[in-house]
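First the structure, in the form of structure tokens, and then the observations on it.
Where a number appears in this text, it was derived from the coordinates with a stated rule and is not lab data. On a predicted model such as this, the values are computed, not experimentally measured, just so you know.
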Amino acid sequence: MNWPIDVESSRLERRLSGSLGNRTVQLNLRYIPNGDAGLTDFGAFVRLVDNAKVSNGPVTVLLVGNGGARLVPESTSLVLEWDGIVGTRGFTGSGYPEASGVPLAGSVTLAEVTGDFAAGHYVYHFADGSELTCTFNIPTPARADGLLGGDVDVDDDDDDD
């Protein structure tokens, strides 16, 4: 599947956090599923460490199930928090499709994170061996002015690759 990122709703935000003047980096990734699988809302909310930047090659963080409906970073890392977003009828209370359920694990790879841009991809791994891969390329609202949204590739397959 090839879903475009929703430029109106997707954001890279840097928010002042605490008295030290650090900036919390948040990625709000939302896609336009174009009616695929009956989805009305799909994406992820990612909170990174203060002043997070990636410029010298990709950084991959493993995400593991916590026994509930969420994935969490495997260890203290660049990614502090991960929340998957899914919404429509036919989905479990966790926000994941009933057919696949909650991913057992996953990963997020950040190829670039700068002051006004983030690019990378994330992968969900399900109990039945299937995977869902989503890429992202998001500017801040200011950088998005005059730009059409970047394409987002979502590859839903049942390969182990």
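At a glance:
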{"read-out": "In sequence order, calculated HN-Hα J values of the range 103-109 (Karplus, 6.51, -1.76, 1.60; Hz; x Gly/Pro)", "value": "x, 6, 7, x, 7, 10, 10"}
{"read-out": "Using θ = phi - 60° and Karplus 6.51 cos²θ - 1.76 cosθ + 1.60, couplings along the range 26-32 (whole Hz; Gly, Pro as x)", "value": "10, 10, 10, 9, 10, 10, 9"}
{"read-out": "Amide proton proximity set for residue 118, modelled H, under 5 Å, gap of 5+", "value": "138"}
{"read-out": "Length added when fully stretched, residue 127-residue 81, from 0.36 nm per residue minus Cα-Cα", "value": "14.3 nm"}
